[in-house]
1. Only one of (1) at pLDDT below 95; (2) at negative phi fails for GLY58. Which number is that?
2. Can you list the helices (runs of 4 or more DSSP H) found entirely within the range 1-92 that contain at least 1 residues being loosely packed, with under 15 Cβ neighbours inside 10 Å and within 36 Å of the chain's Cα centre (by Cα)?
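The values are calculated or read from the model by the stated rules, or taken from the named source; none is laboratory data. Remember, predicted model here, so these are calculated numbers, not experimental data. Positions of Cβ are backbone-derived with ideal geometry, glycine not excepted, and every protein chain shown enters the neighbour counts.
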Amino acid sequence: MLSKTAEYALRAVVSMASQYGKPQAADRMAKHTKVPRRYLTRVLQDLAASGLVRSRPGPGGGYELNRPTDEITVLQVINTVSPLRRIDSCPDGLEQFQEMRSLHNELDQAFSATEATFAALTIQSLLENNRLLTPRTPAETPAAGVVSTPSTTAAQPAYVPAPVSAPPMPTPTYPASMTSHTAQQPATPRMGQVFSRSNYGDRSFLKGSE
């Protein structure tokens, strides 16, 4: 979103605001802001040309803010060194496509909201805000159009039904008549024997020859 030049300019202004009324040497400011010395010099020159910063030559001199911290906005600092650009038209050849016009309109609306936020944010408010930046992991980043709400309910283990044992097989029971008939059944006849009808029901056997 921001250019490197705008980022460096904001670092320099916040550094001078933290020591308001005390000029800072460029070398000390470069170490404090982690901005390359030669790059910082060009940024400070642009800020001085706009009237946001002034320089004091000689021993004990350096750079300091030329306005109170509550009268300098983030947008003023950015636009001094690397102005934010709004989208006022589609690139050449894309005006005829409705979806492209809609795309660039939505992008410009987002840039407009960012511009309004920076315009309302003063350097003094940055000094008063001591919150640390907490990086967000991909897993914590909600999908587009989805508002993530952390769950307060502990995860419950999945329900596993208890094993059910098979019922015992019933013991077969037989009538007394069947039991006695089985016990009294005659032995297998031998060759040469003659049996009456009472031995095998209605069947009869004749004596055979060997």
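1. (2)
2. The qualifying helices (runs of 4 or more DSSP H) are 4-18, 26-33.
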